[in-house]
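The values are calculated or read from the model by the stated rules, or taken from the named source; none is laboratory data. Predicted model, so just to flag it, every value in this text is computed and none were measured. Here the Cβ positions follow ideal geometry from the backbone for every residue, glycine too, while neighbour counts run over all protein chains shown. We work out accessible area using only protein heavy atoms, side chains counted, and drop any ligands, DNA or RNA first. Shrake-Rupley method; radii C 1.70, N 1.55, O 1.52, S 1.80 Å.
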Amino acid sequence: MLDELQEAFIAHFGEPPQHVIRAPGRVNLIGEHTDYNHGFVLPCAIEQHTLVALSPRTDNTVCTLALDYERELDTFRLGESFTSNTHQAWANYVRGVVCALQDRDFSLRGCNIAIIGNIPQGAGLSSSAALEVGVAKALAVDNDLAVSNLTLAQVGQAAENDFVGCHCGIMDQLICTSAAVGTATLIDCKDFTLKPVNMPSDLSLLLVNSNVRRGLVDSEYNDRREQCERAAAMCGVSSLRDVPLQEFQVNRQAMEPLVAKRAQHVLEENERTLLAATALQNNDIEQLSQLMSASHLSMKHLFEITVPPVDFLVDQIGEILGSHGGVRMTGGGFGGCVVALAPAELLDDIVARVEDTYYSHTGLQASIYTSAPAGGAVSIQ
Ligand code: GLA
């Protein structure tokens, strides 16, 4: 990928890039739809990543070349007010990041950018966060900005909230900036503390993409967020993080049943996430397996963000894993990937089972990837 990026950069802009940033995708092991409720999440960065190459220009133009979108170009000028690009959705991640940096009073010079990546898109593996963080970090390096990992993550999140229109939380961008190799990270999304947790070296990270096309994701996502905020308001607080489970049991009678179900998922998922971090640390795979399974069922029945092909994959893989590993849907939902932590000796059986059953049951082909817990975004040139 790097060679292809360098060649395309030279072909379009007439010189090699001055900076190249590598920004990883992520998989969330547990703690789904808890981040925007200021709760706990347990993601890790993955090896699949996005590369962002950048060189400064002498004018105030930002010109971006997207290698994965048939080498489309997007051009706009700094200093003038620019809006979202209605024809090229990918360009809004770049525009949004520039806008969010300028909103925070960081001054930027014009630049040429080229982007390439191998994170499957629309699969719940945060290809968008990798793009946002990669661009933000490249701009930070080029303009010598003193920005923390948290600020970079918040810039990426703001781009997505304000320019793309998905009211996502901070998890994806924060793990992308801050992950440490070989670990998952327990993130407290209330105070942004990060606790690395070693991943057991005898478990492999398997990602199975259901290849269900995720329609209406953003509106379903934003609906869930709004339902959670309503539940918190009914408990007299601004976020569900501040509602103890017992207090919720009292208040739930007054809530619409749908809103109560959403809140129950979030509150219990927070508890599961803390327990899962401890289980991972203690290499207690049986406990981890139970928690991941309970998380999936809660996403299916209470938060209602899974779809039948994804449930099918989880059931099939779960039958093979038993208590020797964990499996659940990962990410925002309505399709995308299943994550499995599996002992190496069961990998072949899992792959065979998916190949034997998934297409005949759903009419869809699954894509299977192995990965490993990777580090956060870095300058590689
Ligand atoms: C998406 C969002 C995250 C998080 C997850 C669900 O990935 O970008 O902020 O809310 O969904 O856990």
Hey, can you tell me all the residues within region 343-363 that are surrounded by fewer than 17 Cβ atoms within 10 Å (Cβ to Cβ) and out of contact with any strand residue (DSSP E or B) (no Cβ under 7 Å at 6 or more places or on another chain)? 345, 348, 349, 352, 353, 355, 356, 357, 359, 360, 361, 363
With the requirement that a residue be within 16 Å of the ligand (Cβ to nearest atom) and open to solvent by less than 10 Å² (accessible area, probe 1.4 Å), what does region 312-342 give you? 328, 329, 330, 331, 333, 335, 336, 337, 338, 339
Being open to solvent by less than 10 Å² (accessible area, probe 1.4 Å) and either touching a Lys or Arg at 6+ places or on another chain (Cβ under 7 Å) or more than 16 Å from the ligand (Cβ to nearest atom) (or both): is that true of residue 152 here? yes
Exactly one of 195, 137 is more than 14 Å from the ligand (Cβ to nearest atom) and surrounded by 20 or more Cβ atoms within 10 Å (Cβ to Cβ), and that one is 137
Taking region 286-311 and keeping only residues that are open to solvent by less than 30 Å² (accessible area, probe 1.4 Å) and in a helix (DSSP H, G or I), one is left with 288, 289, 291, 292, 295, 296, 298, 299, 309, 310, 311
Of all residues in region 213-233, which are at pLDDT 90 or above, open to solvent by 60 Å² or more (accessible area, probe 1.4 Å) and out of contact with any helix residue (DSSP H, G or I) (no Cβ under 6 Å at 6 or more places or on another chain)? 223, 226, 229, 233
Cβ-Cβ under 6 Å, sequence separation 6+ or interchain: first residue in region 295-319 and assigned by TED's automatic domain parsing to the domain that holds residue 355, partner of a type in the set (Gly, Ala, Ser) and at pLDDT below 95. Which pairs? 305/333; 307/335
Name the residues in region 156-184 that are among the β-branched types (Val, Ile, Thr) and either open to solvent by 20 Å² or more (accessible area, probe 1.4 Å) or within 11 Å of the ligand (Cβ to nearest atom) (or both), would you? 164, 170, 175, 181
Residues in region 50-72: is at least one within 16 Å of the ligand (Cβ to nearest atom) and either buried (at least 21 other Cβ atoms within 10 Å of the Cβ) or not assigned by TED's automatic domain parsing to the domain that holds residue 113 (or both)? yes
Residue count, region 300-346 (criterion: at pLDDT 95 or above, more than 20 Å from residue 263 (Cα to Cα), out of contact with any Phe, Trp or Tyr (no Cβ under 8 Å at 6 or more places or on another chain) and not hydrophobic (A, V, I, L, M, F, W, C)): 12
